[in-house]
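Colleague: If you scroll down you'll find the structure; I have some questions about it.
What follows draws every value from the coordinates through simple rules; no lab data is involved. Everything quoted here is computed from the prediction, not taken from an experiment. Backbone-built Cβ (ideal geometry, glycine too); neighbour counts: all protein chains shown.
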Amino acid sequence: MIKLSITSWAEAQSLVKPLRYEVFVVEQKVPEEIEWDEFDEVAWHAIATADNQTVGTGRLIVTGHIAKIGRMAVQSSRRNQGIGKSILNALIQAAKEKGAQECILHAQTHAIAFYAKEDFEPHGPIFDEAGIPHVEMRLIL
Ligand SMILES: CC(C)(COP(=O)(O)OP(=O)(O)OC[C@H]1O[C@@H](n2cnc3c(N)ncnc32)[C@H](O)[C@@H]1OP(=O)(O)O)[C@@H](O)C(=O)NCCC(=O)NCCS
């Protein structure tokens, strides 16, 4: 069974850092100095846990009425089991509770269909971020 919680960086970092390192730095070859940034401190972090292990994460940065979702990652052996979808929906719910009116994110182009299933719509051109093609996607809450 998957347990899901949303918490501060102080509580989340020891649980989510190994998974983000494995997915973004090792698997996707994002330079480590880009992976960790100052926004982690101010973000809310989703932690999906199974068998006392972190299997998924994502973060939410709320600035006024805009909530930015990012760093969505599910352990490679646990993908396509609905974990990412649960994390995304928990972050959308948290954004609403914190008064946001819109969620935005930078989707890696391979993940556009994943976000589109939760009604995010692409906006604007494809751009490069950390060497990976991305497109902005938005969801009005
Ligand atoms: C993107 C990611 C978080 C998705 O998590 P996941 O747990 O595998 O996704 P889910 O199983 O919850 O998928 C939900 C739905 O989206 C679909 N989906 C998932 N990944 C998809 C993809 N890459 N392309 C198209 N559809 C996808 C699933 O088939 C599922 O559809 P359904 O509801 O009709 O059955 C995961 O693949 C991942 O960690 N990738 C590596 C890191 C990454 O690229 N992060 C995104 C950065 S923008």
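Colleague: Using alpha-carbon positions, what is the distance between the centroids of region 101-115 and region 62-86, in Å?
Modeller: 10
Colleague: Where Lys and Arg each count +1 and Asp and Glu each count -1, what net charge lies around I69 among other residues with Cβ under 12 Å from its Cβ?
Modeller: After counting each charged neighbour, the total is +1.
Colleague: Given labels modelled 7 Å from the Cα in the Cβ direction, how far is it in nm from K29 to E136?
Modeller: It is 2.8 nm.
Colleague: In what sequence, highest mean first, do 53-59, 26-32, 39-45 appear when ranked by Cβ atoms within 10 angstrom?
Modeller: By packing density, highest mean first, the sequence is 53-59, 39-45, 26-32.
Colleague: Can you compute the FRET efficiency between D37 and N80 using 1/(1 + (r/R0)^6), with r the Cβ-Cβ distance and R0 = 35 Å? Round to the nearest 0.05.
Modeller: About 0.80, to the nearest 0.05.
Colleague: Which of H110, H65 comes first, and how do the rest follow, when ranked by fewest Cβ neighbours within 10 Å?
Modeller: H110, H65
Colleague: Taking 7 Å along the Cα-to-C-beta vector as the label spot, tell me the A113-H65 distance in nanometres, rounded to one decimal.
Modeller: According to this spin-label approximation, the distance is 3.4 nm.
Colleague: Using the Cα centre of region 3-140 as origin and beta-carbon charges of +1 (Lys, Arg) and -1 (Asp, Glu), tell me which of T49, L15, A100 is placed farthest towards the positive end of the dipole.
Modeller: Toward the positive end, the furthest listed residue is T49.
Colleague: Within region 50-68, whose backbone N sits under 19 Å from a point 7 Å along Cα→Cβ of E22?
Modeller: Output list for this probe position: 50-59.
Colleague: Here's a follow-up. About the Cα centre of region 3-140, what is the dipole size in debye to 20, counting +1 per Lys and Arg Cβ and -1 per Asp and Glu Cβ, all else neutral?
Modeller: It comes to approximately 520 debye.
Colleague: Next question. What's log10 of I(q)/I(0) for region 23-141 at q = 0.20, 0.22 Å⁻¹, Debye sum over Cα points only, no solvent?
Modeller: Taken in order of the listed q values, log10 I(q)/I(0) reads -1.26, -1.51.
Colleague: Give the peptides 99-106, 9-16 in descending order of average Cβ contacts within 10 Å, highest first.
Modeller: 99-106, 9-16
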